[in-house]
Amino acid sequence: MKLELRNIDKSFGEKKVLKNVTLSAEGGKAFGLLGRNGAGKTTTIRILMNVFPADKGEVLLDEKPINYDKVLFGYLPEERGLYPKKKIIDQLVYFAELKGMSHSKAVSAVDYWLDRLGMTEYRNKRLDTLSKGNQQKIQLITAVAHDPQIVILDEPFSGLDPVNAMLLKDVVKEIISKGKIVFFSSHQMNYIEEFCDSIAIINGGQVVLSGDLREIKRNYPRNRLVVRSLQNEKIASEYEGSVERGENGDIIIVLNTPEEKKSVMSKLTETYDIDEIKVYEPSLNDIFVEYAGDQI
Amino acid sequence: MSPRSTIFSLSMQGIKYKGVRMVKQFGKILKFEFKNYITNKVFIGVTLFFVAVIAGVMFFPSIKDIFKKEDSNNIPDVSGDLPVMLVISDTKENSEAVREAFAATFTNYEVKVADTDIEGVKAQIASGEAECAFVLDSLTSYTYYVNNLSMYDNNTAIADEVLRSIYRVNALVQGGFTPEEASAILTAPIEGRIENLGIDQMQNFFYTYIMIFALYMVILLYGQMVATNVATEKSSRAMELLITSAKPTAMMFGKVIATCLAGLIQIVAIFGSALLFFNLNGDYWGGNAIVSSIFGMPAGLFVYMLIFFILGYFIYSFMFGAIGSTASKLEDINTSVMPITMIFVAGFMVVVFSMSSGNVDTVLMKVCSYIPFTSPMAMFTRIAMSTVSIYEIGASIAILVVSVIGVGILSAKIYRVGVLLYGNKPKIGSVIKAVLKA
């Protein structure tokens, strides 16, 4: 199963919100959609889910235009909200039924998920009697109970305590292992890094970077060396002008070209007492700041 | 099969599939929203309150009667307490004749011939012994003495009539007629009959008025409910999920029809209990022309009322729903629905004024009875209070039905665009643009 957006354009009035957006996500893998606030993430998701049509471009599933009447989506919106005054079981069953489930199937699916997320005791309570984190777990059930092929999670981890975050991680991993397409949107890079095989960074309505995360990292210029040594200060003074401070007192030497790597490495190990030396692997955070930091 | 027909059958299948899913969603939404209403404590409370008020009004005469029966044992005959009216004329015979004539006419007075002069009469009135007095100089001239001249005192008008008739009888008797002949001449009866070939406006006025007023209340009340319902979902952000779960058309029609069903149940409960109470108290209300005209409404008219009620409700509720979807805060609704309310109130005014003027077939009313936003009230009023041909009624209903469907689809489109607009109140222009694009 492969979901693709091709050359999507979208304007609201005079404002161009998406410009020629192209991305693709595969079943059994998680896809991370990154971007700063207002970059066009939610608009992309809404076009993907056919809330409104694109001005130009197409949404494809396995190379064919997607049939929204047959494909089921699960959606956890960034703006959380259900019916605060209604019983939890009633509204969860209602949403599952709207997605096409029969009443009895909806009830058993909802009960399964309530149990899975440890929420069974709240089954017959009103939603507004729950804490924010627990409301979020209820909201997650609306995204998964009807067994959708494509699950879209917008900032799924915001507001969860570490225990609930672990629980959600397990759920997400389970969904991915079932071969479904999981579409992540988040600002929390560590979660994206943990789950997503491929990403797209969207900035100012344009995709500025997309592809396999490991490849992106590999293709990142390999011209930095991370050095850990007790003689950090000496090394820093020798390479003054091309040294950055890393984490934990490490220093990062920026080389003029990646080819210098070998000579600099051997020179350093010969001259100084080096504990560790390695090529710097950028974090997703670095990549994000580099691609999305400048403009909106 | 030719390629073209394959494509055709495929697309037909697509439409059928879409249709089935939408109808299913519509059913679920209808059920969910309807259940919300009938389990709502306020909804139940309001319904019971109205039923209780109607019960109170309808049973009032019987309850009053029970108390009256108890009271009547304590209070003796009241006829002895009638106020005193004094009469005095130029001669004793005239005084006695006038007293007799007045006593026959003023049954709520004890009429006495005064046994004193004018000053004595004045003194008796001032002391309260007598309430009023007629002092006659002749049979055609008098002075009326009264302590406080009440606004509704028409004693002089009655006295004029009595004296005039005495004068005429006397004149005829002097001309050679016997008193019997004279009074026969003066009271010769005129036989008149009314044959109404159309509609009795007087009789229909009250129930038409009540129905128009009920329509007015129901549309504003339930229309607001739809608007609030949509805006609540939007402000609680449940909309984010709903809009990706169900088709806007299914949402809109589901909500509006659920509200309509809840409204019908409420109306049936209120009017049904009114009818029941009326029948239970038939003895007391049967003689009341207004009340029995309301419950004696012809069945045909009732059917028309139902049709216009439902269609009128739909067209306004769709608009209210669309407006509700563009409001980002619950508080904004009242100002947002103002234009619709204005149209509606204007239509209501036109109808009520033409009703009270007695002519419901003015050009304005005729025009209003074809405009879908005013026709539920205007056409119903004309059917009830005038004679309208079946073709005119048919045309009005047809226009209304088509408009309801059109407004329904349009409102679903506005809804689809409106629910995702947050922040500032959207300009009408930008909403229209977005709707045209959608």
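Quote the FRET efficiency, to the nearest 0.05, computed for B:Asp117 versus B:Ser165 with a Förster distance R0 of 25 Å and r equal to the Cβ-Cβ distance.
Taking R0 as 25 Å, the efficiency between B:Asp117 and B:Ser165 is 0.35.
Just to confirm the number: angle between the C-alpha axis of helix B:201-235 and the first principal axis of chain B, 0 to 90 degrees, nearest 10?
30 degrees
Build a GNM of chain B with springs between Cα atoms under 10 Å: which of B:Ala133, B:Ala55, B:Ala258 gets the top mean-square fluctuation?
B:Ala133
Pop the C-beta distance of B:Lys41 and B:Val367 into the FRET formula with R0 = 35 Å and round what comes out to the nearest 0.05. Provide the component values of the computation, followed by the final result.
Working: r = 44 Å, r/R0 = 1.25.
So the FRET efficiency works out to roughly 0.20.
Suppose R0 equals 56 Å. What FRET efficiency, 1/(1 + (r/R0)^6) with r the Cβ-Cβ distance, do B:Ala269 and A:Ser237 give to the nearest 0.05?
Here the calculated transfer efficiency is 0.05.
Sequence-distant or interchain residues sharing an amide H contact under 5 Å with A:Gly74, placed H: which?
A:Ile150, A:Val151, A:Ile152
Please list, short to long, the whole-number percent of alpha-carbon pairs of the protein assembly as shown in consecutive 10 angstrom bins beginning at zero.
2, 10, 14, 15, 13, 11, 9, 6, 5, 5, 4, 2, 1, 1, 0, 0, 0
Among A:135-148, A:193-206, what's the highest-first ranking by average C-beta atoms within 10 angstrom per residue?
Numbers: A:135-148: 22.1, A:193-206: 20.0.
By packing density, highest mean first, the sequence is A:135-148, A:193-206.
Across 5 Å bins from 0, what is the distribution of all Cα-Cα pair distances for segment B:264-336, in whole percents?
Taking every Cα pair in segment B:264-336, the percentages come to 3, 12, 14, 16, 13, 11, 9, 8, 7, 4, 1.
Antiparallel DSSP bridges in the protein assembly as shown: what percent, to the nearest 5?
60 percent
Angle check, please: helix B:3-38 long axis (alpha carbons) against the longest principal axis of chain B (alpha carbons), in degrees 0 to 90, nearest 10.
50 degrees
Output the 0 to 90 degree angle, nearest 10, between the alpha-carbon long axis of helix B:338-357 and the longest principal axis computed from the alpha carbons of chain B.
Roughly 30 degrees, rounded to the nearest 10.
Can you give the direction-averaged projected area of the convex hull of the alpha-carbon atoms in chain A, in nm²?
With the hull built on Cα positions only, its mean projection is 19.0 nm².
Taking 7 Å along the Cα-to-C-beta vector as the label spot, tell me the B:Asp90-A:Ser131 distance in nanometres, rounded to one decimal.
10.9 nm
At 7 Å along Cα-to-Cβ for each site, give me the label-to-label distance between A:Asp62 and A:Leu230 in nm.
Once both label points are built, they end up 6.3 nm from each other.
Along the three principal axes, how long is segment A:10-51 when you take its alpha carbons, biggest first, rounded to the nearest angstrom?
Extents along the principal axes, in whole Å: 38, 22, 17.
Computed on protein heavy atoms with a 1.4 Å probe, what is the summed buried accessible area for the chain pair A and B, in Å² to the nearest 100?
2600 Å²
Beyond 20 Å, how much of the Cα-Cα pair distribution for segment B:336-405 remains, as a whole percent?
That tail contains 26 percent of the Cα-Cα pairs.
How large is ³J(HN,Hα) for each residue in segment B:385-393, as worked out from phi by the Karplus curve 6.51 cos²θ - 1.76 cosθ + 1.60 (θ = phi - 60°), to whole Hz, x for Gly and Pro?
In residue order, the calculated couplings are 10, 8, 10, 10, 6, 4, 5, 4, 4 Hz.
From the phi of every residue in segment B:407-412, what ³J(HN,Hα) in whole Hz does the Karplus formula 6.51 cos²θ - 1.76 cosθ + 1.60 yield, where θ is phi - 60° and glycine or proline is x?
5, x, 5, 4, 5, 5
May I ask what percent, to the nearest 5, of DSSP beta bridges between residues of chain B are antiparallel? Don't skip to the end; give the middle numbers.
On the way: 6 of 14 bridges.
Antiparallel: roughly 45 percent of the beta bridges in chain B.
Can you compute the modelled spin-label distance between B:Val146 and A:Asp147, with each label point 7 Å from Cα toward Cβ, in nm?
That separation, rounded to one decimal, is 9.1 nm.
Scan around A:Lys86 for amide H atoms under 5 Å from its own, H built in the peptide plane at 1.01 Å from N, and keep only partners 5 or more places away or cross-chain.
Here A:Leu127, A:Asp128 satisfy the definition.
How large is ³J(HN,Hα) for each residue in segment B:82-93, as worked out from phi by the Karplus curve 6.51 cos²θ - 1.76 cosθ + 1.60 (θ = phi - 60°), to whole Hz, x for Gly and Pro?
In residue order, the calculated couplings are 4, x, 9, 10, 9, 10, 8, 10, 5, 10, 5, 5 Hz.
Can you give me the long-range amide H partners of A:Asn203? Hydrogens built in the peptide plane at 1.01 Å from N, cutoff under 5 Å, separation of 5 or more residues or another chain.
Under 5 Å from the amide H of A:Asn203: A:Val208.
The values are calculated or read from the model by the stated rules, or taken from the named source; none is laboratory data. Predicted model only: the values in this text are computed from it and were never measured. In this analysis, Cβ positions are derived from the backbone assuming ideal geometry, glycine residues included, and neighbour counts consider all displayed protein chains. These accessible areas exclude ligands, DNA and RNA; they are computed on the full protein's heavy atoms, side chains included. Shrake-Rupley method; radii C 1.70, N 1.55, O 1.52, S 1.80 Å.
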